[in-house]
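Just below is one structure, and these are the notes that go with it.
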Amino acid sequence: MSDLTLTKTTLRAGIWEGLVLGAAATPALSVTHLDKAVEGVTLLPTKENGAWVLTIPIPAEAISDGIQTLLITDTSSGATLDKITLLAGDTLADDLRAEVDLLRAELDMLKRAFRRHCLETEAE
């Protein structure tokens, strides 16, 4: 069990950022994808004591069909602090999230058509 807590703050332009709390000294963290270390990871202190900004560039090889996972681990305790999961490609065609997104889009289309119909019949 790790004393550290990690909270995701943003994922923008292929860069994942999070806030690490609970470390007096620089925490020993590792980020891996398919059991290989991710390059370019940075850990910078903030003005708050015990708070660190973790920045992880998403590697190009992690952007591919299917589900890809990057693990963020506290190397001193071996505990997994968080994971970054990427979903992409044709394998998601039957994914429930894709179906929900499609249903939302269809519902939005129906709402617009219904509102237009109400405006047209109100004018008559």
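The values are calculated or read from the model by the stated rules, or taken from the named source; none is laboratory data. Computed from a prediction, not measured in an experiment: that's the story for all the values here. FYI the Cβ positions are ideal-geometry reconstructions off the backbone, even for glycines, and counts take in every protein chain you see.
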*Test result for residue 48, exposed (fewer than 10 other Cβ atoms within 10 Å of the Cβ) and in a loop (DSSP other than H, G, I, E, B)*: yes
*Filter segment 36-45 down to the residues that are in contact with a Leu (Cβ under 9 Å, 6 or more places away or on another chain) and either in contact (Cβ under 8 Å) with a residue 12 or more places away in the chain or under 11 Å from residue 70 (Cβ atoms) (or both), then identify the one that is surrounded by the fewest Cβ atoms within 10 Å (Cβ to Cβ).*
42
*Quickly run through segment 10-25 and pick out the residues that are touching a residue at least 12 places away in the same chain (Cβ under 8 Å), in a strand (DSSP E or B) and exposed (fewer than 12 other Cβ atoms within 10 Å of the Cβ).*
none
*Among the residues of segment 70-91, how many are surrounded by 13 or more Cβ atoms within 10 Å (Cβ to Cβ) and not small (Gly, Ala, Ser)?*
10
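Every residue, every condition in (1) at pLDDT 80 or above; (2) under 29 Å from residue 54 (Cα atoms); (3) not β-branched (Val, Ile, Thr), yes or no:
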site	(1), (2), (3)
71	yes, yes, yes
75	yes, yes, no
78	yes, yes, yes
87	yes, yes, yes
93	no, no, yes
100	yes, no, no
108	yes, no, yes
*Take residue 62 and decide whether it is within 27 Å of residue 4 (Cα to Cα), modelled with pLDDT under 85 and not basic (Lys, Arg).*
no
